[in-house]
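The values are calculated or read from the model by the stated rules, or taken from the named source; none is laboratory data. Just so it is clear, the model here is predicted, and its values are computed rather than measured. We place every Cβ from the backbone using ideal geometry, glycine too, and count neighbours over all the protein chains shown. We work out accessible area using only protein heavy atoms, side chains counted, and drop any ligands, DNA or RNA first. Shrake-Rupley method; radii C 1.70, N 1.55, O 1.52, S 1.80 Å.
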Amino acid sequence: MAKHNQYGAWEAQRLFSHHYQAGGGTSWKPHQWLKYRMISSPLGGLAFLLGSFLLMGGWRDGSVGFAFC
């Protein structure tokens, strides 16, 4: 649990530096840029649902997969 909390704090600091500090996020790779862009988007939750359910195969588990996604 401590490791999970440490990682969450690191992610939050990274997102904060992107939004509020000059040059934060200039060294990101394309998939990282997309990830943080989607977190800030109002459609980020829908994009995650569709990506995990359709693209990553959550549909194969039926209603349980849908609930998990």
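Mind giving me the FRET efficiency for M38 and R60? R0 is 22 Å, r the Cβ-Cβ distance, nearest 0.05 is fine.
The pair M38/R60 has a calculated efficiency of 0.40.
Could you rank the peptides 1-11, 34-44 by their average count of other C-beta atoms within 10 Å per residue, with the highest value first?
Details: 1-11: 8.9, 34-44: 12.4.
Highest-to-lowest ranking by the protection proxy: 34-44, 1-11.
Using just the helices of the chain, give the 222 nm mean residue ellipticity in deg cm²/dmol: DSSP H runs with n ≥ 4 each add -39,500 (n - 2.57), and the total is spread over all residues, rounded to 500.
-18500 deg cm²/dmol
For the chain, with all protein chains present and a 1.4 Å probe, just round the carbon and sulfur fraction of the accessible area to a whole percent.
Carbon and sulfur: 67 percent of the exposed surface of the chain.
Over the chain, with the other protein chains present, what is the accessible area per residue in square angstrom, probe 1.4 angstrom?
I get 83 Å² per residue for this part.
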